[in-house]
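Remarks on the structure that follows.
The values are calculated or read from the model by the stated rules, or taken from the named source; none is laboratory data. In this text the structure is predicted, and so the values were computed from the model without any measurement. Cβ sites come from the backbone with ideal geometry, for glycine too, and all protein chains shown count toward neighbours.
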Amino acid sequence: NSKWNASLTGRFISERKDVGGYASPDVTLGYYTLLNANIQYKWSKRVVVFANGQNLLNDNFSEVNGYNAIGRMVQFGIRLN
């Protein structure tokens, strides 16, 4: 029953085709790597302090042509149960 909990996840997405449809040409979207982390500490029975980060490598990528994904994002907080 540890007070600490942490995770680290990574994903590599290779080049892929984005089908343009009627008015747009097909394009090849580049590869990217996502690294996400989460850590939390159970301060008490009802209070959890946490931090998490997404896209920690700050890769610039598009999941869909024309729409860039969010860059590095870090959140801190306290959760009351």
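The conditions of being modelled with pLDDT of 95 or more and on the phi < 0 side of the Ramachandran plot are met by Ile39.
Within the range 46-59, restricting attention to residues that are touching a residue at least 24 places away in the same chain (Cβ under 8 Å) and part of a loop (DSSP other than H, G, I, E, B), which residue is surrounded by the most Cβ atoms within 10 Å (Cβ to Cβ)? Filtering first and then ranking leaves Asp59.
The number of residues in the range 32-45 that are assigned to a strand (DSSP E or B) and either touching a helix residue (DSSP H, G or I) at 6+ places or on another chain (Cβ under 8 Å) or over 19 Å from Asp18 (Cβ atoms) (or both) comes to 8.
Residue by residue, here is whether (1) closer than 29 Å to Phe61 by Cα; (2) not aliphatic (A, V, I, L, M) holds:
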{"residue": "Asn5", "(1), (2)": "no, yes"}
{"residue": "Arg11", "(1), (2)": "yes, yes"}
{"residue": "Gly21", "(1), (2)": "yes, yes"}
{"residue": "Leu29", "(1), (2)": "yes, no"}
{"residue": "Ala37", "(1), (2)": "yes, no"}
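Just one of the listed residues (Ala23, Ala6, Ala37) is hydrophobic (A, V, I, L, M, F, W, C) and more than 18 Å from the chain's Cα centre (by Cα), and it is Ala23. Here Ala37 does not fit the description of being without any contact (Cβ under 8 Å) to a residue 12 or more places away in the chain and of a type outside the set (S, T, N, Q).
Annotation note: of Lys3, Lys42, the sole residue that is surrounded by 15 or more Cβ atoms within 10 Å (Cβ to Cβ), touching a strand residue (DSSP E or B) at 6+ places or on another chain (Cβ under 7 Å) and under 30 Å from Arg79 (Cα atoms) is Lys42.
Taken over the range 64-81, the criterion of being assigned to a strand (DSSP E or B) and within 12 Å of the chain's Cα centre (by Cα) is satisfied by Met73, Val74, Gln75.
The residues of the range 7-39 that are surrounded by 10 or more Cβ atoms within 10 Å (Cβ to Cβ), out of contact with any Phe, Trp or Tyr (no Cβ under 9 Å at 6 or more places or on another chain) and of a type outside the set (S, T, N, Q), listed by number, are Leu8, Gly10, Lys17, Asp18, Gly20, Asp26, Val27, Leu35, Ala37.
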